[in-house]
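Before any comments, here is the structure.
The values are calculated or read from the model by the stated rules, or taken from the named source; none is laboratory data. Because the structure is a prediction, the values reported are computed rather than measured. We place every Cβ from the backbone using ideal geometry, glycine too, and count neighbours over all the protein chains shown.
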Amino acid sequence: MVPLSYYLLLSGFLFGCGVAGFLIKRNIITIFMSIELMLNGVNLSFVAFAAHWHALAGQVFVFFVMVVAAAEAAVGLAIIIAVYRTRETLNVDQVNLLKL
Amino acid sequence: MNPMLNLWLIPILPLAGAAINGLLGKTSSRRAVTTIALVFSGAAFAMALWVTMRFSSLSLPYHENLAHWIRSGSFTVDFAFYLDQLSLVMLLVVSGVGFLIHIYSVGYMWDDPGYYRFFSYLNLFMFFMLTLVLADNYLVMFIGWEGVGLASYLLIGFWFTKDSAAAAGKKAFIVNRIGDFGFLIALFLLIKHFGSLNFDQVFQSVMPLGAEKTGSGLLTAIGILLMVGACGKSAQIPLYIWLPDAMEGPTPVSALIHAATMVTAGVYMVSRSHVIFERAPIALTVVAIIGTSTAFFAATIGVAQTDIKKVLAYSTVSQLGYMFMACGVGAFSAGIFHLMTHAFFKGLLFLAAGSVIHAVGGEQDMRKMGGLRTKIPWTFWTMTAGTLAIAGIPGLAGFFSKDEILWRAYQASWAYWLVGLTTAFITSFYMFRLWFMTFFGEYRGEAQDHSAHDAHGGHGHGGIHESPRVMVIPLAILAVLSVMGGYVGVPGSLGGNNRFDKFLGPVFHGSAPADAQQSPMGEKSAPAQETEGPEPESGVSTELMFTAISVAAALLGLGLAWQLYYRNPHLPGKIAASMSGTYQTLLHKYYVDELYGALFVRPLINGSTRILWQGVDRKIIDAAVNDAGEGARHVSDEVRHMQSGNIRSYAGWVAAGSALVIAFMIWMWTGAR
């Protein structure tokens with residue numbers, strides 16, 4: 001039996017990688033993948049707790065997160081394609097019209 | 001049980017006229033406006049006459065409750081009307097004289113572009129004045145009280161394009177507000193201590209207050225505060241200053257509002273509240289002193305004025321002082337008697353003065369008149385009647401009422417009598433001065449001067465001419481009333497039976513405090529006039545002697561004026577030059593306007609400018625608003641750099657923010673342990 005803390009550490013590590021990637025990377029697609037990574041890091045902690053406490057709620061929650069993530073992927077990719085079509089770049093630093 | 005009189009119709013009729021003329025008058029013809037104005041004010045008068053006819057069959061006082069107004073716990077105020085002998089006299093004076101002045105105005109204002117507006121205001125005034133005199137409680141009276149003030153303001157400033165008229169209107173309104181303030185506080189005191197504003201209820205609660213309560217601070221305070229209100233409305237010291245300026249209004253307005261009716265509202269109110277005043281000797285003394293001093297003071301100013309309307313204005317102030325003197329010595333019915341005769345002769349004098357001004361094309365300066373006797377005979381003869389009446393020449397209205405007041409004043413104190421007598425002499429002098437300067441001697445004006453001093457000239461009339469018939473008829477009627485009006489109250493000493501006093505008797509008598517009736521001082525004590533009865537023989541001869549003295553004073557005034565302004569017209573100038581200090585003081589009205597300016601107006605304006613405007617408003621309120629805006633701008637200037645448009649920096653902020661929140665939560669969780 002792997003102790004709960006290992007799962008949580010891994011979960012935290014995945015989430016941290018996601019945050020780091022989100023902050024550092026310039027390519028929109030990479031950033032997008034970083035977001036997925038964060039979501040899955042959280043998912044891991046959900047299932048870990050669910051298994052540990054023998055509570056199904058956490059696992060059900062994960063399904064919800066996965067559904068939302070899938071929907072988000074669909075919408076997000078569509079946006080990325082739209083951005084690429086209008087600006088011909090995927091570098092977020094050049095998508096900066098929304099400022100004062 | 002009383003029949004339904006529908007008293008409420010009396011004030012409502014002129015209101016309807018005012019509304020119709022005010023809303024539709026602009027587009028309708030002068031003839032239509034005239035018809036509406038006269039029909040509605042005439043209907044009010046007709047109704048007043050009808051009420052008079054049925055008066056003897058009523059059980060008094062007659063009440064009429066129109067609608068509920070305020071119901072709050074046990075305190076109620078209704079739209080209700082009240083009729084007794086006192087209201088009836090006022091009702092007839094107001095609607096009758098008012099109607100005559102409406103007729104006169106048709107001629108006087110015919111060429112004015114604001115014709116419809118004038119009649120709308122005039123009818124509005126009638127509405128409020130009739131409400132005032134018919135009110136059943138102090139609050140309905142207060143509606144009328146404020147309303148006549150409004151109408152007065154509108155009519156004084158009728159020629160509002162003229163700066164002086166607009167300023168005079170404002171002055172009248174503001175000075176009146178000071179008086180109204182006192183009146184209001186008196187009403188609050190009545191509500192607080194008697195729980196009612198209804199005349200009957202208040203007086204019934206005041207009536208049983210015995211000797212120990214008589215003269216108590218409460219009633220004295222109420223009395224003095226009511227008198228403050230009356231001072232404002234009736235132009236008494238110290239609030240009389242608005243009335244002379246109010247002469248900026250059209251002359252019929254001066255006649256109606258500032259001589260015959262509105263300014264007497266204070267006298268009416270004090271007389272109506274006589275139950276309170278009789279139990280507050282100090283307040284009554286205040287009334288008497290204010291009245292006496294105003295009578296004297298205003299009369300002396302009147303001597304030096306050269307504007308025909310200003311002389312009459314100061315004369316009005318002075319005569320109102322007489323009325324208050326009468327009230328102050330407890331002779332309320334004498335005050336009301338003088339109020340009535342004064343309405344006749346002063347209304348007449350103003351209308352005649354208007355006719356003179358009309359004749360000479362808008363000139364108001366008496367120094368530029370003279371010799372008008374033969375040119376405008378109707379005006380001359382009617383004005384003569386008015387002058388004789390006000391001067392107290394025997395047989396005319398003013399003689400009886402003034403004589404009555406002086407006699408009653410003497411019974412209270414010889415000082416009142418002496419000042420009153422001196423005033424009678426001065427009154428006679430300045431009125432005959434006006435008369436001689438206007439109608440006798442040589443015409444001193446320029447031949448064809450249309451300088452339009454009254455803003456009323458400018459219509460192409462050729463030379464000095466008599467006024468149209470529509471103006472002369474009211475003059476004639478008022479002249480007859482000025483001559484005959486006094487015979488309703490011929491005192492016992494002159495073979496009459498003082499019917500006027502007896503008529504008002506049920507209102508004023510039998511209400512004085514019980515202890516005063518058995519006062520050992522008898523008739524010398526001020527508020528003890530209910531010891532009426534048949535007067536002893538010695539009293540009659542004394543009274544006759546006093547009558548003779550006041551007649552002598554009037555004749556002396558006449559003689560002096562004749563000597564100075566008819567025989568030797570150059571003498572007044574010399575006298576004025578030799579007593580230039582006194583003369584300048586009188587000419588400048590004792591510098592009271594200047595004094596008030598320095599004492600109240602300028603400090604107020606300076607205080608408002610320096611402290612309230614530049615201090616509080618600009619440095620605190622404006623500054624707070626501006627600084628808040630500036631501050632927000634400065635902060636935003638710094639913070640807006642967060643909005644770089646760079647997604648990764650946003651993400652960084654989000655991460656930093658969530659890190660902060662998590663840190664805070666951990667700290668709280670550990671700290672809570």
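Quick notes on this structure:
- One residue stands out among those in region B:385-421 that are hydroxyl-bearing (Ser, Thr, Tyr) and within 24 Å of the chain's Cα centre (by Cα): the one that is nearest to B:Leu560 (Cα to Cα), which is B:Thr387.
- Leading residue by the ranking (nearest to B:Tyr108 (Cα to Cα)) among those in region B:218-270 that are in contact with a Ser or Thr (Cβ under 6 Å, 6 or more places away or on another chain) and outside any helix (DSSP H, G or I): B:Gln236
- Across region A:23-34, the number of residues qualifying as touching a residue at least 40 places away in the same chain (Cβ under 8 Å) and either among the aromatic types (Phe, Trp, Tyr) or within 15 Å of A:Gly76 (Cβ to Cβ) (or both) comes to 5.
- Among (1) of a type in the set (A, V, I, L, M); (2) within 11 Å of chain B (Cβ to nearest Cβ); (3) touching a residue at least 40 places away in the same chain (Cβ under 8 Å), the one test that A:Leu90 misses: (2)
- Of the listed requirements (1) modelled with pLDDT under 80; (2) in a helix (DSSP H, G or I); (3) crowded, with 16+ Cβ neighbours inside 10 Å, B:Asp515 misses just one: (3).
Yes or no, residue by residue, for (1) in contact with a Ser or Thr (Cβ under 8 Å, 6 or more places away or on another chain); (2) more than 30 Å from B:Lys310 (Cβ to Cβ); (3) assigned to a helix (DSSP H, G or I); (4) within 14 Å of chain A (Cβ to nearest Cβ):
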{"site": "B:Ala554", "(1), (2), (3), (4)": "yes, no, yes, no"}
{"site": "B:Gly597", "(1), (2), (3), (4)": "no, no, yes, no"}
{"site": "B:Ile621", "(1), (2), (3), (4)": "no, yes, yes, no"}
{"site": "B:Ala632", "(1), (2), (3), (4)": "no, yes, yes, no"}
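- Criterion (surrounded by fewer than 17 Cβ atoms within 10 Å (Cβ to Cβ), free of Cβ contacts under 8 Å to residues at least 12 places away in the same chain and polar (S, T, N, Q)) met by exactly one of B:Ser56, B:Ser74: B:Ser56
- Only one of the listed residues (B:Ile357, B:Ile393) is outside any helix (DSSP H, G or I), aliphatic (A, V, I, L, M) and closer than 19 Å to B:Arg433 by Cβ. That residue is B:Ile393.
- Residues of region A:23-42 satisfying the condition of being more than 12 Å from chain B (Cβ to nearest Cβ) and under 19 Å from A:Tyr84 (Cα atoms): A:Ile29, A:Met33
- Summed over region B:642-661, the residues that are more than 16 Å from A:Gly21 (Cα to Cα), part of a helix (DSSP H, G or I) and within 12 Å of another protein chain (Cβ to nearest Cβ) give a count of 3.
- Extreme residue, nearest to the other protein chains (Cβ to nearest Cβ), among residues of region A:1-22 that are crowded, with 17+ Cβ neighbours inside 10 Å and in contact (Cβ under 8 Å) with a residue 24 or more places away in the chain: A:Phe15
- Of all the listed residues (B:Val616, B:Val601, B:Val639, B:Val592), the sole one being in a helix (DSSP H, G or I), within 14 Å of chain A (Cβ to nearest Cβ) and of a type in the set (A, V, I, L, M) is B:Val639.
- Scanning region A:11-28 for residues that are within 20 Å of A:Phe49 (Cβ to Cβ) and not hydrophobic (A, V, I, L, M, F, W, C) yields a count of 4.
- Test: residue in region B:92-108 that is in a loop (DSSP other than H, G, I, E, B) and surrounded by fewer than 22 Cβ atoms within 10 Å (Cβ to Cβ): no
- Scanning region B:361-397 for residues that are surrounded by fewer than 24 Cβ atoms within 10 Å (Cβ to Cβ) and of a type in the set (Ser, Thr, Tyr) yields B:Thr374, B:Thr384.
- B:Leu418 assigned to a helix (DSSP H, G or I) and without any contact (Cβ under 8 Å) to a residue 40 or more places away in the chain: yes
- Considering only residues in region B:518-569 that are surrounded by fewer than 18 Cβ atoms within 10 Å (Cβ to Cβ), under 32 Å from the mean Cα position of the chain (by Cα) and among the acidic types (Asp, Glu), the one that is modelled with the lowest pLDDT turns out to be B:Glu523.
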